[in-house]
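I have placed the structure first, in the form of structure tokens, so that the comments after it can refer back to it.
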Amino acid sequence: MAAPKTQGAVARVEEDRGRSRSKVGGVGYEDSKDCILEPLSLPESPGGTTTLEGSPSVPCIFCEEHFPVAEQDKLLKHMIIEHKFVIADVKLVADFQRYILYWKKRFTEQPITDFCSVIRINSTAPFEEQENYFLLCDVLPEDRILREELQKQRLKEILEQQQQERNDTSFRGICMFCNDEFLGNRSVLLNHMAKEHAFNIGLPDNIVNCNEFLCTLQKKLDNLQCLYCEKTFRDKNTLKDHMRKKQHRRINPKNREYDRFYVINYLELGKSWEEVQLEDDRELLDHQEDDWSDWEEHPPSAVCLFCEKQAETIEKLYVHMEDAHEFDLLKIKSELGLNFYQQVKLVNFIRRHVHQCRCYGCHMKFKSKADLRTHMEEAKHTSLLPERKAWDQLEYYFPTYENDTLLCTLSDSESDLTAQAQNENVPIISEDTSKLHALKQSSILNQLLLQECLKN
């Protein structure tokens, strides 16, 4: 499962490297920041991780470069571009620093090919233009064991920290809503906010690193930001009224920044609290009767290629793209005779260029998607597709956004298949009728007729 995602990441990096060398449309090495190291999603929820000053550094596996732990994406980007080395499913590594140090030592003991799969890029190009990338993933038993051991060690450390906080009687904290001070155990403050202010972040025994958690929440409130919808307001009174009237006195469950403060997120490798909780729900449902009478299916929405517009049906999305952006995907499909896989490549090609804020008609780069959209609509570049060889490449089999519903709606209709069969000009060879008498004598029909007469 990791390999296809990683191949997509490698293909995107390779594209940026090629553009950086050739400076297409006047774009230079600065475009290396377009590298995509993880699968993307449409749309993306707000939130993120904070960067801590003075955090320890992590060395590159192959050279002497060092990067802060909080900026591990820069290290991953460096290893892909400079050393053609890819780590699959990095988010599932419990301790990134120890993981890197382990493999740095192992690569000095044995060749990299003993541990990594080799992915060849541009395999159809001349040999001198082909490049090999090295993929390290948990398919390798040693890597899988390492990840599991790091997960166990992290869980042990978290449980020890949680037990220490549960027994701590020197806690001191101030309520975020009434500014009352509480001394003793952390549960006193958390229970007060849940009972008096209807602000419940969970049971105290399920929380770890409580002080850091409360400081994170307090910082958001000091910045006049709602904890649930994460909108920013002009003053503190407006924020309080908003959180009270909208019942937003709770944290955003989709913000992954808070996951590290709940013990449940450390229990199983690669599983979040939602997945663990879902498994518990399934166990309860196994003992219940299957009742689907109230089932209502909500079809997934497809997102426009050029803006954030979403539509419940593909027909509505096609109409929107034609009216708003003058882009007729059905017409392009018909004129170019595109089959299903060619449509997939074209959609992924457009998605990637729009994500990188680059016009595929003139190769100009813009600061934002809004500027790109304005340019493409004014210059009529939305329908100005490049030559087929530019987008009909193997790298565009991999989706730019892993949850792109538009790709699931593409299909070959019967008329397309019929037209394709006609275009193939398959020759039909008829029987040789020049010797008709001999053909009649040797025909198998004579034997069938004789057998039928004998039966009668």
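Peptide packing: for 139-151, 393-405, the average count of neighbouring Cβ atoms within 10 Å per residue gives the ranking 393-405, 139-151, highest mean first. The overall shape of region 291-400, judged from the alpha-carbon gyration tensor, is prolate: a/c is not under 1.5, and a/b is greater than b/c.
Going by accessible surface with a 1.4 Å probe and the largest first, Glu378, Glu315 read Glu378, Glu315. Heavy-atom accessible surface of Arg256, to the nearest 10 Å², is about 120 Å², with a 1.4 Å probe and all protein chains retained. Taking all protein chains as shown and a probe of 1.4 angstrom, Ile332 keeps an accessible surface of around 20 Å².
At 1.4 Å probe size, with every protein chain present, just tell me what the per residue accessible area of region 112-216 comes to in Å².
Result: 57 Å² per residue.
If you sort the three axes of the alpha carbon gyration tensor as a ≥ b ≥ c, you get a/c of 1.5 or more for region 119-248 and a/b no higher than b/c, which makes it oblate.
Rolling a 1.4 Å probe over the protein chains gives His355 an accessible area of about 60 Å². Rounded to whole numbers, the Karplus 3J(HN,Hα) couplings from phi for region 191-198 are 5, 5, 5, 6, 7, 8, 10, 6 Hz, using 6.51 cos²θ - 1.76 cosθ + 1.60 with θ = phi - 60°, and x at Gly and Pro. Label region 140-200 by shape, choosing from rounded, prolate and oblate, from the square roots a ≥ b ≥ c of the eigenvalues of the Cα gyration tensor; if a/c is under 1.5 it is rounded, and otherwise prolate applies when a/b is larger than b/c, oblate when it is not. Prolate is the answer for region 140-200, as a/c is 1.5 or above and a/b outweighs b/c.
The values are calculated or read from the model by the stated rules, or taken from the named source; none is laboratory data. For clarity, every value in this text was computed on a predicted model and none was experimentally measured. Positions of Cβ are backbone-derived with ideal geometry, glycine not excepted, and every protein chain shown enters the neighbour counts. What goes into the accessible areas is simple: the full protein's heavy atoms, side chains included, and nothing from ligands, DNA or RNA. Shrake-Rupley method; radii C 1.70, N 1.55, O 1.52, S 1.80 Å.
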